[in-house]
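First comes the structure, then the notes that go with it.
Since every read-out is calculated from the coordinates, none of them should be taken as a lab result. On a predicted model such as this, the values are computed, not experimentally measured, just so you know. Here Cβ is always computed from backbone atoms with ideal geometry, including for glycine, and neighbour counts include all displayed protein chains.
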Amino acid sequence: MVINSVFYTTQQASESPYNYVPTDLTSSVVHMGQALKYKLWWMIPTVTFAGIMEIFGWSARLWSSRNPELLMPYEMQLVGTVLAPTPLIAANFVILGRIINRFGPQFSRLVPNMYIMVFCSFDVICLVVQAVGGALAAQAVNENKVPTLGGNIMLGGIAAQLFAIVVYMGLAAEFFLRQKYNAPFRHQVIKFEQGQHSLSKKVQRMIYGMSFCTICLFIRSVYRTVELADGWSGSVIATESYFNWLDGSFVTAAIYTLNVVHPGIYLKQDATIHTSQPNGDEFIQTYTF
């Protein structure tokens with residue numbers, strides 16, 4: 001069966017972008033090892049699973065490019081590449097909640113557990129919406145129809161996810177500014193609540209890495225939103241270099257960033273709070289993440 005060329009325009013370019021497949025495989029294996037080593041089990045259904053989904057999507061994309069007459073690999077790459085970043089975003093939500101819990105819940109607009117409960121629940125909803133949209137789009141392609149309905153549902157899921165990332169970034173920025181300038185959002189009885197808390201250098205590097213990871217995922221979500229809003233016959237979806245750089249490259253960079261600044265390394269070993277007391281003495285307390 002020959003598929004309408006509209007759906008395969010992005011599959012006809014060079015094979016160079018498919019180097020992301022083994023790259024993500026390496027990162028995923030490392031993430032699994034890190035999750036087991038540091039006993040951070042939540043990293044398995046988030047970052048590790050995101051890497052597996054990326055491998056699945058890009059492998060299917062390679063298969064589709066070499067066998068454009070086949071429908072199955074096209075459907076697989078469509079669903080895989082759309083869904084993969086969602087659990088990766090959830091990992092950032094969890095990491096921020098852990099940082100807030102250790103270094104000053106009083107500086108956060110939301111209590112730490114709310115970042116997991118609210119944002120991760122919303123992320124799951126977005127995942128389901130995108131999965132439904134992807135399945136409908138794949139079914140439409142299978143029937144030689146334009147996948148407008150499925151694409152619109154996917155667009156809604158990705159747009160909602162983009163909104164969640166923006167809100168998350170705003171709340172994170174507010175927390176770090178309040179924490180830096182000792183401007184608590186609410187009164188909370190803690191042992192040294194009048195002291196000035198400062199994050200260790202290790203934790204600061206973790207925060208910088210997490211920020212870079214979030215920006216990568218934000219850019220990818222913006223691209224995907226524009227791509228689907230432009231339509232299945234638009235110029236954005238027909239330009240493979242956009243997909244390779246604004247989707248594949250940024251998701252890969254985000255996954256690798258969390259390999260380098262892994263929370264098991266940067267938050268467990270050196271999560272130290274320096275607290276200056278009113279009498280000028282400094283008290284140092286170390287937490288295990």
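Taking other residues whose beta carbon is less than 12 angstrom from the beta carbon of GLN130, and scoring Lys, Arg as +1 and Asp, Glu as -1, yields 0.
Counting 0.36 nm for each residue step from LEU177 to ASN113 and taking away their Cα separation leaves a gain of 21.0 nm.
Based on the mean of other Cβ atoms within 10 Å per residue, sort peptides 155-165, 75-85 so the most packed one is first.
Numbers: 155-165: 20.4, 75-85: 22.5.
Listed from highest to lowest mean packing, they are 75-85, 155-165.
Between ALA84, SER64, PHE103, the Cα set farthest toward the positive side of the dipole of region 47-128 (charges on each charged residue's Cβ, about the Cα centre) is that of PHE103. The modelled label-to-label distance for the pair TYR208/ALA135, using points 7 Å beyond Cα in the direction of Cβ, is 4.4 nm.
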